[in-house]
Amino acid sequence: MTTITKETVQDEIQNFNEYKEVEKALQPYIESARTGDGKLSRSAFFDHAHIVGSIEGNYYNMDADTFGDVVGQGGPSENVKSRITWIDISGPAAAAKVDFIDWNGMRFTDFFVLYKKDGQWKISGKVYDSHSKN
């Protein structure tokens with residue numbers, strides 16, 4: 001039988017709060033899919049962040065500034081739907097998977113690596129699949 005202590009309850013609350021904080025860190029990126037706001041997308045990433053993936057067989061490897069520009073050039077996608085399918089956290093490191101349907105007519109699966117620095121979660125890198133001729 002497991003004894004529930006005050007420390008155990010506090011640990012569980014902290015763990016739950018961290019998941020919520022990672023979700024919150026992903027929201028600017030998720031919202032940028034709908035609005036086409038490249039600056040909002042860029043704000044979710046560390047300066048060193050890198051984005052890698054392919055669309056219709058074309059490989060892309062870009063920094064966060066370039067990716068923000070691409071999001072802005074793509075414009076709004078008002079019908080986009082998204083969901084965070086999982087989050088895994090270990091201390092200040094986390095990984096997350098987000099699925100998008102109808103982001104400018106395409107389906108994407110994004111895998112993120114995040115890091116908590118100075119109390120704030122940010123995306124350190126992204127790898128994606130466009131589900132299109134890869």
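The values are calculated or read from the model by the stated rules, or taken from the named source; none is laboratory data. Quick caveat, the model's predicted, so the values are computed rather than measured. Surface accessibility is based on the protein's heavy atoms, side chains included, excluding ligands, DNA and RNA. Shrake-Rupley method; radii C 1.70, N 1.55, O 1.52, S 1.80 Å.
Surface exposure of segment 11-89, expressed per residue as accessible area with a 1.4 Å probe, stands at 60 Å². The phi torsions of segment 23-40, fed into the Karplus equation with coefficients 6.51, -1.76 and 1.60 and a -60° offset, translate into couplings of 4, 4, 5, 7, 4, x, 5, 4, 5, 5, 4, 6, 8, x, 8, x, 5, 5 Hz, rounded to whole numbers, with Gly and Pro shown as x.
Relative contact order of the chain: 25 percent, from C-alpha pairs under 8 Å at least 6 residues apart in sequence. In this structure, the amide hydrogen of Gly36, modeled 1.01 Å from its nitrogen in the peptide plane, lies closer than 5 angstrom to those of Ser77, counting only residues at least 5 positions away or on a different chain. Computed over the alpha carbons of segment 83-134, Rg followed by Dmax gives 12.7, 40 Å. Diffusion coefficient (Stokes-Einstein, Kirkwood radius over C-alpha pairs, 37 °C, 0.692 mPa s) for segment 12-134: 227 µm²/s, rounded to a whole number.
Using Stokes-Einstein with the Kirkwood hydrodynamic radius over Cα pairs, what translational diffusion coefficient do you get for segment 38-82 at 10 °C and a viscosity of 1.306 mPa s, in µm²/s rounded to a whole number? Using the Kirkwood radius from Cα pairs, D works out to 139 µm²/s. Panel values: segment 11-63, Kirkwood radius from alpha carbon pairs, Stokes-Einstein at 10 °C and 1.306 mPa s, translational diffusion coefficient 122 µm²/s.
Surface composition of the chain: carbon and sulfur atoms hold 51% of the protein heavy-atom accessible area at a 1.4 Å probe.
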